[in-house]
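Have a look at the structure below, then the notes.
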Amino acid sequence: MQNLRLLKKQAQKEIEKVRDLKELDGFFRKYLGKKGEVTQILSKIKILKKEKRVKAGKEANLLKNFIKQRIEMKKTHLINVSAKDPEVIDITVPGKRFPTGHLHPLTQIQRKVEEIFQSMGFSVVDGPHIETEWYNFDALNIPKDHPARDAWNTLWLKNSKLLLRTHTSPVQIRYMEKNNPPLRIIVPGRVFRREATDVSHEVNFYQIEGLMVGKNISVANFKAIIQGFFQKFFQKDVSIRMRTSYFPFTEPSFEIDMSCLNCQGKRCSVCSQSGWLEMIGAGMVHPNVLKASGLNPKNWQGFAFGMSLDRLAMMKYKINDIRLLYSGDLRFLNQF
Ligand code: FA5
C-alpha cells in the first residue's frame, strides 16, 4: 500500500515533466507497459492471499486507471499545444494562396488600344503632363485672347506660365517638330481640367491622341481607321455617328459619338439621356498647326483625333460612373 502511494506521487511528478508525445510513450511504458511498474505490481497481487489480494488489487487498479487517465489528459494537452506552436510544420496542410494584384482597368484598356493601333502601323509616343502655353494653346492655333481657350478649363501652375496639359494635342506639335512625315502616332496619357465632375466628367482623365500625316491623307482614311478600331476594340459592330464641330487646330472638325452601350441607345444618365456618348474630337490638321511644327502645309496633310480612354472603358465594361475608376475602391477594381 505504501508502495502504491509512493508510486502514485512519483508518477504524478514525472508526468508533469513530460514535454512531448515521445516522452509520454516512455512514461506509459515505464508504468503500464508489459514490464511497467504498475503491471508488475498487478501480476504479483495474484499470488497474495485472498484477503490481501482483494484490497491490494482494488488499490492497484485504481492507480492503473489514475495513470491511464493522466496519460490521456496529457496527450490531449500536448496535441493542442503543438497545433498552436508555429514551429511545428504540418506538411500536409494545403498551401495558402497569396492574393496577387492586377492591372487597373484603365491600364488594361490603354494596352488594348495601343495593341490595336500598333497593328495598324501607329507608333506609341509619350509627352509631358506639365506643358507650356505655346504647346498647349498657341501652336495649336489658339492664341492668347481667343475665346476657344475657355473651352479647356485650365489648371495653371502657381507663379508660372506653365500649366497641366488639358489635352494630349500638344504632343502633335512636339512630335512633328522632330519627325518628318509620313507619320502615324498615338499618344495615350493623362490630361487635367478644372471642371465640375459628374458621371461622365472627371478633373483628370485619359486621352489618346491620334495623328496621321502624309501626302494624301483624307477624312475617308480617318473614318476607316476609327471604324476598324471600334470593331476590333468592342469585337462587334457598334453604331457611330460623325457630327461637324469646331476645334481651332483642325479644319474641318468633327466629333464622333457612339451608340451608348450602357443602355443600348435607350438613353441613360451615362449618355445624358441622348442614347449617344461623345467619344472623339477630330478633324483634318489645320495648316497653321503644320506651320507651327515646321512643316509646309502645301506638301503635307493629315488627320488628328483625341479620344477618351475612360469613356472607352465605361462602354466596354458598362461602368455607369467615371469617378469609380479613380475611387481606389477594391470592391470595384477587383471585378476586372
Ligand atoms: C479635345 O481635347 C481635343 N484635343 C480633341 C482633338 C484632338 C480634336 C485632335 C481634334 C483633333 P475635347 O475637349 O472635346 O477635345 O475632349 C476630347 C474627348 O475627351 C471628348 O470627346 C470626351 O470624350 C472626353 N472628355 C472631355 N472632357 C472630359 C472630362 N472632363 N472627363 C472625361 N472625359 C472627357
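For every other residue with a beta carbon closer than 15 angstrom to the beta carbon of residue 139, add +1 if it is Lys or Arg and -1 if Asp or Glu, then tell me the sum.
Its environment carries a net charge of +2.
When only Cα pairs under 8 Å and 6 or more residues apart are kept, what is the percent relative contact order across the stretch 73-181?
Relative contact order comes out at 21 percent.
Using the beta-carbon distance between residue 111 and residue 151 and R0 = 35 Å, what value does 1/(1 + (r/R0)^6) give for FRET efficiency, to the nearest 0.05?
0.70
Starting from the alpha-carbon convex hull of the stretch 210-336, give the projected area averaged over all orientations, in nm².
Hull-based average projected area comes out at 9.1 nm².
Please state the relative contact order of the chain as a whole percent: Cα pairs under 8 Å, 6+ residues apart?
Computed value for the chain: 15 percent relative contact order.
Can you run the Rg to Rh ratio on the stretch 63-107? Use alpha carbon positions and the Kirkwood inverse-distance Rh.
Taking Rg over the Kirkwood Rh, I get 1.47.
Are there GluC sites (Glu not before Pro) in the stretch 1-52 that DSSP puts in a loop and that have at most 16 other Cβ atoms within 10 Å, and which ones?
Nothing satisfies the criteria.
Once you order the gyration tensor axes a ≥ b ≥ c over the Cα atoms, which shape class does the stretch 259-308 get: rounded for a/c under 1.5, otherwise prolate or oblate by comparing a/b with b/c?
Prolate, because a/c is 1.5 or more and a/b exceeds b/c.
When only alpha-carbon atoms are used, what values of Rg and Dmax, in angstrom, describe the stretch 150-289?
For the stretch 150-289, the Cα radius of gyration and maximum Cα-Cα distance read 16.4, 49 Å.
Sort the following peptides by mean Cβ neighbour count (other Cβ atoms within 10 Å, averaged over residues), highest first: 180-192, 145-157.
Averaged packing, sorted descending, gives the order 180-192, 145-157.
May I ask you to derive the relative contact order of the stretch 2-84, considering only C-alpha pairs under 8 Å and at least 6 residues apart, and to give it as an integer percent?
33
Just add up the charged neighbours of residue 277: K/R +1, D/E -1, any other residue whose Cβ is under 10 Å from the Cβ of residue 277.
-1
Accessible area per residue for the chain in Å², computed with a 1.4 Å probe and the full protein assembly in place, what is it?
Ligands and nucleic acids excluded, the result is 59 Å² per residue.
Can you tell me the dipole magnitude for the stretch 2-84 around its Cα centre, using point charges on the Cβ only (Lys, Arg +1; Asp, Glu -1), in Debye to the nearest 20?
The calculation lands at about 420 debye.
For the pair residue 92 and residue 330, how long in nm is the line joining their label points, each one 7 Å along Cα→Cβ?
If labels sit at residue 92 and residue 330, their model points lie 3.3 nm apart.
Taking only Cα atoms and a 10 Å spring cutoff, compute GNM fluctuations for the chain and point out the largest among 324, 162, 62.
62
Carbon-plus-sulfur fraction of the accessible area of the chain, 1.4 Å probe, in percent?
Carbon plus sulfur share of accessible area: 52 percent.
Cα-Cα over 28 Å: which of 144/178; 232/298; 232/291; 223/316; 8/52?
Table pairs above 28 Å Cα-Cα are 232/298; 232/291.
What are the extents of the Cα atoms of the stretch 2-84 along their three principal axes, listed from largest to smallest and rounded to whole Å?
Result for the stretch 2-84: principal-axis Cα extents of 52, 19, 16 Å.
Return the tail of the calculated pair distribution for the stretch 173-221, meaning the percent of Cα-Cα pairs more than 18 Å apart.
So the pairs more than 18 Å apart make up 49 percent of the total in the stretch 173-221.
Using +1 at the Cβ of each Lys and Arg and -1 at the Cβ of each Asp and Glu in the stretch 19-97, identify which of 56, 32, 77 lies farthest towards the dipole's positive end.
56
Just the projected area, averaged over all directions, of the convex hull on the alpha carbon atoms of the stretch 18-135: how many nm²?
16.5
Obtain the radius of gyration and the Kirkwood radius of the chain from its C-alpha atoms and give Rg over Rh.
Here the Rg-to-Rh quotient is 1.55.
Write down the Å³ per residue value for the convex hull defined by the alpha carbon atoms of the stretch 121-170.
So the per-residue Cα hull volume is 86 Å³.
The values are calculated or read from the model by the stated rules, or taken from the named source; none is laboratory data. Values in this document were obtained by computation on a predicted structure and should not be read as measured data. Neighbour counts are summed over all protein chains in view; Cβ atoms, including those assigned to glycine, are modelled from backbone coordinates with ideal geometry. Remember, those area values only see protein heavy atoms, side chains included, never the ligands or the DNA or RNA. Shrake-Rupley method; radii C 1.70, N 1.55, O 1.52, S 1.80 Å.
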